[in-house]
1. Treating the angle as unsigned and between 0 and 90°, give the value, to the nearest 10°, between the Cα long axis of helix 7-17 and the longest Cα principal axis of the chain.
2. So which lysines can LYS96 reach, going by Cα to Cα under 19 Å and dropping same-chain residues fewer than 8 places off?
3. Any idea which of ASN111, THR210, VAL7 is furthest toward the positive side of the dipole for the chain, if Lys and Arg beta-carbons carry +1 and Asp and Glu beta-carbons -1?
4. Using alpha carbons only, how many degrees (0 to 90, rounded to 10) separate the axis of helix 218-230 from the longest principal axis of the chain?
5. Using every Cα-Cα pair within the chain, state what percent have a distance larger than 28 Å.
6. Please pull out the direction-averaged projected area of the stretch 169-285, using the convex hull of its alpha-carbon atoms, in nm² to one decimal place.
7. Keeping all protein chains in place, calculate the accessible area per residue for the chain (probe 1.4 angstrom), answer in Å².
8. Provide the net charge surrounding LYS16, with neighbours chosen by a C-beta distance below 13 Å and charges set as Lys +1, Arg +1, Asp -1, Glu -1.
Amino acid sequence: MKVLSTVIELQTLLRKMHLSPLGFVPTMGALHEGHLSLAESAVKQCPVVVVSIFVNPTQFNDKNDLKNYPRTLDSDLELLKKVLRKTDLVFNPDVKEIYPGEDKREFHFGNLDNVMEALHRPGHFNGVAQVVSRLFDIVKPDIAIFGLKDFQQLAVIKALVKQTGNKVRIIGNPIIREPDGLAMSSRNRLLDPEIRNHAPIIYKTISAVTLMIKNYDIRQIKSLVANSINNIPGFQVEYFDIVDDIELIPLNTKDEMKKDKRYFGCIAVQAGKIRLIDNIEIGLD
Ligand code: PAF
């Protein structure tokens, strides 16, 4: 694989290769098996793949979070070597390359701006939309692959592509989990050992929701989920919502569930100093 840091180098090389479909996996680095599975699936589908590593400052509503975000370029490149081919590209630009001037664009995503992550991380999805649209303009991929762990982000990116008329096909790949069930995340490495030991409670609890829904209403399920997790010292649920996968409208009652729609239970938890998110599809039968 080749590592490039400027737009001009990347675009010159891609023009020379002229291969399609061009696959793209945007990341912020601190790579783990989840990212590698996205890159692997891009390699299976595309004769050339670009993986970007760029910690996007505009999507961090908390400056400390940006400062503490793990940056592990050397080990990221070692990991990528395991899945990328000689001809695939890693794009690792600096901030000036992506934002030559301040990006003042404002994006609006209807209901997606008014639920879950959007309420707890103001401005986050505007920053994601800025960087993803910029990266799409630079790379011009045919296929872009994202992880389903960032469930709302995936919905936002699908909405962005629809709004901008971009022809890129957006694919959401399944969550990759640690053996104990914790969803893989770059932030897991920042968890205190004691908090890390208890973190599987999040997946364990949301896994029970498909069963709970047979006997309890949504309000009761929300408090059962919150109580089970908040019982553990250091853990505090920010939200647990059951939403459809397109508009992400939170259900108030079971009667609102429609047979032709898919529903996901989405959760955010403050685990010690680190905020974790996860989600699971909720069966209807
Ligand atoms: O999911 C991420 O890692 C980031 O939000 C993304 C999509 C790479 C944009 O910076």
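The values are calculated or read from the model by the stated rules, or taken from the named source; none is laboratory data. Quick caveat: nothing in here was measured; it's all calculated off a predicted structure. Cβ placement follows ideal geometry from the backbone for every residue including glycine, while neighbour counts extend to all protein chains displayed. What goes into the accessible areas is simple: the full protein's heavy atoms, side chains included, and nothing from ligands, DNA or RNA. Shrake-Rupley method; radii C 1.70, N 1.55, O 1.52, S 1.80 Å.
1. Computed tilt is about 80 degrees.
2. LYS63, LYS67, LYS104
3. The residue sitting farthest along the positive end of the dipole is VAL7.
4. 80 degrees
5. 38 percent
6. Hull-based average projected area comes out at 8.0 nm².
7. On the way: 14060 Å² over 285 residues.
Spelled out: the 1.4 Å probe surface of the chain, per residue, equals 49 Å².
8. +1
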